[in-house]
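The values are calculated or read from the model by the stated rules, or taken from the named source; none is laboratory data. Since the model is a prediction, treat every value here as computed from it, not as a measurement. Neighbour counts run over all protein chains shown; Cβ positions are idealised from the backbone, glycine included. Just the protein is used for accessible areas: all its heavy atoms, side chains included, with ligands, DNA and RNA removed. Shrake-Rupley method; radii C 1.70, N 1.55, O 1.52, S 1.80 Å.
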Amino acid sequence: QVLLVESGGGLVQAGGSLKLSCAASGGTSTNYAMGWFRQGSEKEREFVAAINWSDGTIEYADSVKGRFLISRDNRENTVYLQMNNLKPEDTAVYYCAADPFMTILTATPYAHHWGQGTQVTVSS
């Protein structure tokens, strides 16, 4: 069983930055693709970014390209999401996800493993 623990959410003004972290442990998490999803109030969960553990392939949702940066630390088994130039529409609960297949993260909401979520609120 892969355990994902997120941290780093909070309240920030529009234009500000936050960095989320997701520490993975258990199972074969070192071979997984990992990524971030978000769910705003009364909205469906949506893909934000993902990184493939094996080759470092990265994908972003169009809404965050140029503002968000996903990265990983293989030694710490941790994935990060640096969020810059935040907008009020970025307000959501952000979830870390992991799956053996990158395409599951980027194309579906059916990742095998999920974190508990961390709230990000951007004030205008």
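Assorted remarks:
- Members of region 50-67 that are under 22 Å from G10 (Cα atoms), out of contact with any Leu (no Cβ under 6 Å at 6 or more places or on another chain) and surrounded by 16 or more Cβ atoms within 10 Å (Cβ to Cβ): Y60, A61, V64
- Flag for S29 being at pLDDT below 95 and among the polar types (S, T, N, Q): yes
- Looking only at region 68-81, and only at residues there that are surrounded by fewer than 16 Cβ atoms within 10 Å (Cβ to Cβ) and either β-branched (V, I, T) or in contact (Cβ under 8 Å) with a residue 24 or more places away in the chain (or both), the one that is farthest from Q119 (Cα to Cα): N74
- Selected residue (criterion: farthest from D62 (Cα to Cα)) from residues of region 82-112 that are open to solvent by less than 20 Å² (accessible area, probe 1.4 Å) and in contact with an Asp or Glu (Cβ under 9 Å, 6 or more places away or on another chain): A111
- Cβ pairs under 8 Å, 6+ apart, first in region 11-28 and over 19 Å from L69 (Cα atoms) and outside any strand (DSSP E or B), second open to solvent by less than 30 Å² (accessible area, probe 1.4 Å) and modelled with pLDDT of 95 or more: none
- Any hit, region 44-55, residues being in contact (Cβ under 8 Å) with a residue 24 or more places away in the chain and either in contact with a Cys (Cβ under 6 Å, 6 or more places away or on another chain) or among the small types (G, A, S) (or both): yes
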